[in-house]
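S.K.: Let me give you the structure first, and then I'll get to my questions.
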Amino acid sequence: MSQFSGHRQARRRTKWVNGALIVGAGPSGLAVGACLRKQGLPFVILERARCVASLWQTRTYDRLRLHLPKRFCSLPGLPFPGDFPEYPTRDQFVEYLEAYARRFELSPRFGEAVTAARFDATCGMWRVRTAAEAEVEYMCHWLVVATGENAECVVPAVEGMCDFGGKVIHSGEYKSGEAFSGERVLVVGCGNSGMELCLDLCLHGAFPAMVVRDSVHVLPREALGKSTFELAVQLMKWLPLRLVDRVLLAISWMKLGDVKKLGLNRPALGPFELKFMQGKTPVLDLGALHKIKTGEIKVIPGIKKFLHGKVELVDGRILNVDSVIFATGYRSNIHEWLQGIDLIDKDGHPTREFPNGWKGSSGLYAVGFGRTGLSGISMDAVKVAEDIGRIWREETRQAKHIIACQRRRTSQN
């Protein structure tokens, strides 16, 4: 049975939204709201959690900092405070987002989880259903999906996991290595989170082993006195992407050495070519590589299966393990509630190539799915608000013209 049918129809409240309805109060939703506010356009923001940026507030580890300099991470209309460090901490970023919401008078409706949304061609509007204390159906002309790529934790199924017996968590539950002091910890995943968790575990007296199944680019966070990202942006103004990648890999080899000797094989594509083509972000080294070189972090191949208190690897080795942390990322949940869309594919990525993945049909928009970080979010938010503003002004002029014509006819009669 459709989520839009059933016997509860009579008890459902309908609310009309005079403007855009934004789903999600993370950086994407806040950025769109601020851009619409600057244009003087009405909107409503829905958020299933009880705070803005719930991912940052509830599912991040204590030592987390922004991986890029703050000037590349600010949202439209408000730079970071001057006294913030070059790489703000998690708490500072949350403080910035809360100040951003106050600055642009953004008041999300917290505790409203969207359960279904579809476009009703009969009335030409979006029907968006939420589950709160009472079920509500919102009606709107424009729907902005800003729930992002990181709505739900991803934990792969591994044979024997239920027999392991030790602690098994996702990185979203991890706060500090202090809780694992003295333990042998298996970290599954070698992205930025996996690397940084291993480093944090080492600093708190744990003994991490990191599962590396795929090839990975590891780059120094800074090079030639600049952040690696800033250096790449400047080089791309003058050089083709593949040549930029070659320069970065040469610098990486000089600063970090041959990481292949450490069990970290590089992909065939360069770091930024891979980022643009497949959305895979290179790892920016914050000190984990040194721990790998000294043997404090062990690099191991994929898992074959779990045993009680142990793990069997694909190469046949068996390791004793006390706890397991899956640093295996997140996924979008958009297809669980948004029906009949052509804007986002089954993996939660835009169906149109960057930078055109922000606009769909029938007044549907998406921000935060382009795998382009906070700078991409800002660019898309500005485009979405400008597009809605243009349509709003055109429709307003048409409505005023129709009213004026009716008044003239009435006066002539």
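S.K.: Which percent of the Cα-Cα distances in the chain go past 43 Å? Don't jump to the answer; show the numbers that get you there.
M.R.: Values: 17009 of 85078 pairs.
Looking at the chain, the distances longer than 43 Å represent 20 percent of pairs.
S.K.: Return the long-range amide H neighbours of Leu307 (sequence gap of 5 or more, or a different chain), with a cut-off of under 5 Å between placed amide H atoms.
M.R.: Long-range HN contacts for Leu307: Glu312.
S.K.: Using DSSP, restrict attention to beta bridges with both residues in the chain and report what percent are antiparallel, rounded to the nearest 5.
M.R.: Numbers: 27 of 64 bridges.
That works out to approximately 40 percent antiparallel.
S.K.: Suppose every K and R has +1 on its Cβ and every D and E has -1 on its Cβ; what is the size of the dipole of the range 324-374 about the Cα centre, in Debye to the nearest 20?
M.R.: Numbers: 5 positive and 5 negative charges, 21 e Å.
Roughly 100 debye, rounded to the nearest 20.
S.K.: Moving on to the next point. Using Cα centres only, tell me the gap between the range 130-149 and the range 207-248 in whole Å.
M.R.: The distance from the Cα centre of the range 130-149 to that of the range 207-248 comes to 39 Å.
S.K.: Additional query: Contour minus end-to-end for Lys237 and Glu394, with contour as 0.36 nm per residue of separation and end-to-end as the Cα-Cα distance? Kindly include the intermediate steps, with their values, before the conclusion.
M.R.: Values: separation 157, 0.36 × 157 = 56.52 nm, distance 3.68 nm.
Here the segment from Lys237 to Glu394 would lengthen by 52.8 nm.
S.K.: Sticking with this one: Given points 7 Å out from each Cα along the Cα-Cβ axis, report the Glu152 to Glu105 separation in nanometres with one decimal.
M.R.: The answer from the label model is 3.8 nm.
S.K.: Would you pull out the residues with amide H under 5 Å of Ala53's amide H, same chain only if 5 or more places away, H placed 1.01 Å from N?
M.R.: Here Ala25, Gly26 satisfy the definition.
S.K.: Within 10 Å, at most 16 other Cβ atoms, and a DSSP state outside H, G, I, E, B define an exposed site. Report the longest part of the chain free of exposed GluC sites (Glu not before Pro).
M.R.: 160-352
S.K.: Quick one, can you get me the convex hull of the C-alpha atoms of the range 107-174 expressed as volume per residue in Å³? Don't jump to the answer; show the numbers that get you there.
M.R.: Details: hull volume 12.0 nm³, N = 68.
Convex hull volume per residue, Cα atoms: 176 Å³.
S.K.: Scan the range 206-282 for trypsin sites (Lys or Arg not before Pro) in coil per DSSP, keeping those whose Cβ has at most 11 other Cβ atoms within 10 Å, and list them by number. Walk me through the intermediate numbers first.
M.R.: Details: sites: Arg213, Arg221, Lys226, Lys237, Arg242, Arg246, Lys255, Lys260, Lys261, Lys275, Lys280; in loops: Arg213, Arg221, Lys237, Lys280.
Answer by residue number: Lys237.
S.K.: Whole percent per 10 Å bin, from 0 to the bin with the longest distance: what is P(r) over all C-alpha pairs of the range 20-81?
M.R.: Computed distribution, short to long bins: 19, 44, 31, 5.
S.K.: If you roll a 1.4 angstrom probe over the protein chains with everything in place, what fraction of the accessible area of the chain belongs to carbon and sulfur, to the nearest %? Kindly include the intermediate steps, with their values, before the conclusion.
M.R.: Values: 10540 of 20430 Å².
Roughly 52 percent, rounded to a whole number.
S.K.: A follow-up question, please. Treating only the Cβ atoms of Lys and Arg (+1) and Asp and Glu (-1) as charged, compute the dipole magnitude of the chain about its Cα centre; round to the nearest 20 debye.
M.R.: On the way: 56 positive and 43 negative charges, 240 e Å.
Approximately 1160 debye in magnitude.
S.K.: Please name which of Gly357, Gly295, Leu219 has its Cα lying farthest along the dipole of the chain towards the positive end, using unit charges on Cβ (Lys, Arg +1; Asp, Glu -1) and the Cα centre as origin.
M.R.: Gly357
S.K.: Another question, then. Can you tell me which lysines have their Cα less than 16 Å from the Cα of Lys359? Leave out same-chain residues fewer than eight positions away.
M.R.: Leaving aside lysines fewer than 8 places away in the same chain, those within reach of Lys359 are Lys383.
S.K.: Once phi is turned into θ = phi - 60°, what whole-Hz ³J(HN,Hα) does the Karplus curve with 6.51, -1.76 and 1.60 give for every residue of the range 118-129, x standing for Gly and Pro?
M.R.: So the J values, rounded to whole Hz, are 8, 8, 9, 5, 5, 9, x, 9, 8, 9, 10, 9.
S.K.: Can you compute the FRET efficiency between Lys261 and Lys38 using 1/(1 + (r/R0)^6), with r the Cβ-Cβ distance and R0 = 56 Å? Round to the nearest 0.05.
M.R.: On the way: r = 52 Å, r/R0 = 0.93.
Step by step, r from the Cβ atoms, then E = 0.60.
S.K.: Can you pick out the pairs among Lys167/Lys305; Lys167/Lys293; Lys261/Lys291 whose Cα atoms lie more than 20 Å from each other? Let's see the in-between values first.
M.R.: Values: Lys167/Lys305 16 Å; Lys167/Lys293 27 Å; Lys261/Lys291 14 Å.
Result: Lys167/Lys293 exceed 20 Å.
S.K.: Ratio of alpha-carbon Rg to the 2.2 N^0.38 Å globular estimate for the range 319-377, to two decimals, please.
M.R.: For the range 319-377, the normalised Cα radius of gyration is 1.51.
S.K.: How large is the helix-only mean residue ellipticity at 222 nm for the chain, computed as the sum of -39500 (n - 2.57) over DSSP H runs with n ≥ 4, divided by its residue count, in deg cm²/dmol to the nearest 500? Could the numbers behind the result be given before it?
M.R.: Values: 9 runs with 121 residues, N = 413.
-9500 deg cm²/dmol, from helical runs alone.
S.K.: While we're here: Only helices at least 24 Å long along their axis, Cα-based, and averaging -1.0 or more on Kyte-Doolittle count here, so list those DSSP H runs from the chain. Before the final figure, lay out the partial values.
M.R.: On the way: long enough: 373-412 (59 Å, -0.64).
Those that clear 24 Å and a mean of -1.0 are 373-412.
S.K.: Would you mind calculating the gained length between Leu55 and Phe276 on full extension (0.36 nm times residue separation, minus the Cα-Cα distance), in nm to one decimal? Don't skip to the answer; put the middle values down first.
M.R.: Details: separation 221, 0.36 × 221 = 79.56 nm, distance 2.44 nm.
Net length gain for the segment: 77.1 nm.
S.K.: Work out how much length Leu224 to Thr14 would gain on full extension: take 0.36 nm times their residue separation and subtract the Cα-Cα distance, in nm to one decimal.
M.R.: Values: separation 210, 0.36 × 210 = 75.60 nm, distance 5.77 nm.
Full extension from Leu224 to Thr14 adds 69.8 nm.
S.K.: Would you kindly compute the Cα radius of gyration of the range 150-272 and its largest Cα-Cα separation (Dmax), both in Å?
M.R.: For the range 150-272, the Cα-based Rg and Dmax read 17.5, 55 Å.
S.K.: If you average 1/r over all unlike Cα pairs in the range 1-120 and invert the result, what Kirkwood radius do you get in angstrom?
M.R.: Numbers: mean 1/r = 0.0619 Å⁻¹.
Its Kirkwood hydrodynamic radius stands at 16.2 Å.
The values are calculated or read from the model by the stated rules, or taken from the named source; none is laboratory data. Computed from a prediction, not measured in an experiment: that's the story for all the values here. Note: ideal-geometry Cβ built from the backbone for every residue, glycine included; neighbour counts use all protein chains shown. Each accessible area value is taken on the protein alone, full model and side chains, heavy atoms only, with ligands, DNA and RNA left out. Shrake-Rupley method; radii C 1.70, N 1.55, O 1.52, S 1.80 Å.
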